[in-house]
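Accompanying notes for the structure given below.
The values are calculated or read from the model by the stated rules, or taken from the named source; none is laboratory data. Only a predicted model underlies this, so the values are computations on that prediction, with no experimental measurement involved. Using ideal geometry, Cβ is built from the backbone for each residue, glycine included, and neighbour counts are taken over all protein chains shown. When the accessible area is computed, the model is the full protein with side chains, heavy atoms only, and any ligands, DNA or RNA have been set aside. Shrake-Rupley method; radii C 1.70, N 1.55, O 1.52, S 1.80 Å.
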Amino acid sequence: MKHILGAKALRKVIAGALVLFSAIAVADEGMFPISDIGSLDLKKIGLDLTAEQIFNPNEVCLVDGICRVNGCTGSFVSSKGLIITNHHCAFAAIQAASTPEHDYLNNGFSASSNIEEIPAPGYTVRITEGYEDVSTKVLSVVKPGMTFSERTKAIEKQQKQLEKDAEAANVGMRAEVAEMFTGERYVLFLYTYIKDVRLVFAPPASVGNFGGEVDNWEWPRHTGDFSFMRAYVAPDGSSADYAKNNVPYQPKRVIKVAAEGVNENDFVMLLGYPGRTVRHNTASFLQYEENVRLPFVVDLYGWEIATMEAAGKDDRGVALKLSSRIKSLANVEKRSRGQLKGLNRIGFVNKRRVDEEVLQTFIDSDPARKARAGNLLSDIDAVYAEITANAPLEMNLSNLPSACQTLSFAFTVIDAAHERAKEDIERESQYTDRNYPLTRQRLQLALNDFHLETDQLMLAEMLRRLEAAGATKLLPTVAGELLGGSETERQQRATKLINNSKMHNAEFAMKCFDMTPEQLVSTKDPALVLMSELYPVYLAQREKNKEREGKLSQLYGLLISEKREFLKTAFVPDANGTLRMTYGRVESYSPEDAVIKTPITTLKGMLDKVTGIDPFIAPPRIGELYRAQDFGRYVNPKLNDVPVAILYSTDSTGGNSGSPILNSRGELVGVNFDRAFEATINDFAWNHAYSRSIGVDIRYVLWISDKVYGAKHLISEMGIE
Ligand code: ASP
């Protein structure tokens, strides 16, 4: 990209770009870290709280009432550790507890006392207690002359060391270092960490997942996507694994439930743990997403979902086993379709390319800057060109164990055997002493949901895909022998391997965790033999990924600092699973010409959608209560109906699921659970015109819990009289 412009023309370009960039910057950077809340004019945006009332490490504050529940968010709504989050966030716990005889997924679940609550193994809850900028400490380990892979490993090791030290100094707490700006800013967060979490209340899927995948990522919406869980600790208040005599956790702060809800145009804010956004990434990255990765995900996941749905069609036991996997794949598959449509609709790759040409002109206009960053953009482009060239084989290899569970179990125990032989600090994070119990527990849980016939089909299909991606020439002998021949032969080989493996036998699999790599091979289990042979291929890939990560980390670090200088503005860091605040209003939007979508749905609207065919079935009692107009105090007087879902202009992404929707006083008026289809591209760019988040109105939550399912004890536990 070479530009020869006169000084005047250049000034014009830069001025234009400043307008363009700052317009984007103001609107799209809405997930504020708690450290940045103080820099906002909270009064002006509509809040009646001060920054200290939201977060203050020395006093009780709003943040003490917000927690992370696995990859989601939740709020403490009673002094006895009661958490409100989404139905889809508790889904794995509901599913794990369900059998065809006790089908909590289909029928719902309500514990009438603490004793009846169901343990949710694999669930953890964390509460942000404090943070510290550790950028200097992290980056002090980066030395000149390091390869990119050495750089990544040195940073990872230092992060682990800082986490270990912080946990030693704060016994019982969990420490995590998060990268706020790639290669530039790192913050250590301290969390209260709770390991005993239980299911308290879940509506049936016909409420909690009403509309299913047809309505997922769409507005209007009528899903009662909420559930209640409870956090437990040891009798002395310390964090403990599940034990019968554990006691409910006492949060420092309870989020007040505002049963009166919200109306159109009202201010709302979310506090939560958004997972990942990539708003500073280049046009070449977006092109890779649009042309390569997202279409791959749509295609593969679409096939996997259809296969699992067919497997469970006439067998509720199988359907239950596969339901969590189907749900999370379907969520990503549809989001990816939304992102593809969105990227195309707004011509995002080209837009970003134009922005980059302007930035390049700015860089080239100063000799020192040019020497420092002249090749920056083309260097980043080269990384994505290399990733793109290798994508077909790499993506299929990395999806082989995620599609085929037997191979996933085999890979985990082989990887563990290699990694556990190293010193703790040198291990991949999931095998460090602090994470290993959870890694084992997750495998145990996945084993419970294993379905033999599905796994046979998955393996055969992945072999076909690997072959089409050119794997035959590259893979070693055992793996190579599985490829080639007709579809029937491939299926026969896959079926034989899965049938002959004991990796899906829980007792055998757990025993494997105590074996060395050599002992694992000597079992002659075909899955272990295959994955041991492929292990060097996966290790080489891991190394390559670290190399790319190291390179991109350095380059993006430089890109952000050049952009910052160019735009003379501070950026809000991309989402990274740490606590953020975003605000907006309950408001309508126009997704396309001549269409305006209003922001509140109702019970009547829900019943109008009912066809009696899944996913548009409603429990009969809802219709009965509606016909009797029995809304109780949960009515929205303006609508003379119970409001079901609301739409608002906050900046959210995955991980904000379960986030409290708070009014200007910090009271709970709903629970966030989704975004509109157009807002799936929030991960790349946010825009006030079409980025809308979706939540369930608190009045629907309370009406369902109280009137429909009679959980009056929960209503009074939340202090609603
Ligand atoms: N429903 C979404 C999810 O679970 C939440 C979001 O991404 O906004 O990923």
From Thr650, Thr680, grab the single residue that is open to solvent by less than 10 Å² (accessible area, probe 1.4 Å) and farther than 18 Å from Val586 by Cα. Thr680
How about region 204-229: which of its residues are away from the ligand (no atom under 16 Å from the Cβ) and either over 23 Å from the mean Cα position of the chain (by Cα) or farther than 17 Å from Leu702 by Cα (or both)? Pro204, Ser206
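With respect to Lys334, determine if the residue is away from the ligand (no atom under 16 Å from the Cβ), touching a residue at least 40 places away in the same chain (Cβ under 8 Å), among the basic types (Lys, Arg) and part of a helix (DSSP H, G or I). Let's see the steps before the verdict.
Details: away from the ligand (no atom under 16 Å from the Cβ): no; touching a residue at least 40 places away in the same chain (Cβ under 8 Å): yes; among the basic types (Lys, Arg): yes; part of a helix (DSSP H, G or I): yes.
Judged against the criteria, Lys334 is not a match.
Every residue, every condition in (1) exposed (fewer than 14 other Cβ atoms within 10 Å of the Cβ); (2) touching a Ser or Thr at 6+ places or on another chain (Cβ under 9 Å), yes or no:
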position	(1), (2)
Asn396	no, no
Thr406	no, yes
Gln430	no, yes
Asp449	no, yes
Met458	no, yes
Arg465	no, no
Ala468	yes, no
Testing Arg675 on (1) surrounded by fewer than 21 Cβ atoms within 10 Å (Cβ to Cβ); (2) within 12 Å of the ligand (Cβ to nearest atom), one condition comes back false. Which one is that? (1)
Do we have Glu309 as open to solvent by 10 Å² or more (accessible area, probe 1.4 Å), at pLDDT 95 or above, more than 16 Å from the ligand (Cβ to nearest atom) and farther than 22 Å from Gly658 by Cβ here? yes
Considering Glu426, Glu419, Glu453, which residue is more than 30 Å from Phe91 (Cα to Cα) and open to solvent by 20 Å² or more (accessible area, probe 1.4 Å)? Glu426
Applying the selection to region 632-641, what residues are touching a residue at least 12 places away in the same chain (Cβ under 8 Å) and in a loop (DSSP other than H, G, I, E, B)? Val635, Lys638, Leu639
Out of region 357-387, which residues are assigned to a helix (DSSP H, G or I), under 18 Å from Ser553 (Cα atoms) and not small (Gly, Ala, Ser)? Arg372, Leu376, Leu377, Asp379, Ile380, Asp381, Val383, Tyr384, Glu386, Ile387
With the requirement that a residue be among the acidic types (Asp, Glu) and within 26 Å of the chain's Cα centre (by Cα), what does region 420-460 give you? Glu428, Asp433, Asp449, Asp455
Of all residues in region 133-173, count the ones that are under 26 Å from the mean Cα position of the chain (by Cα), of a type in the set (Ser, Thr, Tyr) and at pLDDT 95 or above. 1
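Yes or no: Tyr186 under 27 Å from Pro121 (Cα atoms) and away from the ligand (no atom under 16 Å from the Cβ)?
Judged against the criteria, Tyr186 is not a match.
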Are there helices (runs of 4 or more DSSP H) fully within region 514-631 with at least 1 residues that are at pLDDT below 95? List them. 526-567
Go through region 419-473 and report how many residues are in a helix (DSSP H, G or I) and small (Gly, Ala, Ser). 5
Among the numbered criteria (1) among the β-branched types (Val, Ile, Thr); (2) surrounded by fewer than 18 Cβ atoms within 10 Å (Cβ to Cβ); (3) modelled with pLDDT of 95 or more, which one does Val297 miss? (2)
How many residues are in a loop (DSSP other than H, G, I, E, B) and open to solvent by 10 Å² or more (accessible area, probe 1.4 Å) if we restrict to region 270-294? 6
Hey, does region 502-510 have a residue that's modelled with pLDDT under 95, open to solvent by 30 Å² or more (accessible area, probe 1.4 Å) and assigned to a loop (DSSP other than H, G, I, E, B)? no
Can you find even one residue in region 624-643 that is within 16 Å of the ligand (Cβ to nearest atom) and either small (Gly, Ala, Ser) or over 21 Å from Val268 (Cα atoms) (or both)? no
Of Trp686, Trp703, which residue is buried (at least 24 other Cβ atoms within 10 Å of the Cβ) and closer than 16 Å to Met269 by Cβ? Trp686
Reported set for region 319-331 where residues are away from the ligand (no atom under 16 Å from the Cβ) and either open to solvent by 20 Å² or more (accessible area, probe 1.4 Å) or farther than 22 Å from Leu443 by Cα (or both) is Ala319, Lys321
Leu62 - would you say it is of a type in the set (A, V, I, L, M, F, W, C) and under 30 Å from Pro119 (Cβ atoms)? yes
Which ranges mark the strands (runs of 3 or more DSSP E) fully within region 156-251 that have 1 or more residues being at negative phi and open to solvent by 40 Å² or more (accessible area, probe 1.4 Å)? 173-181, 185-194
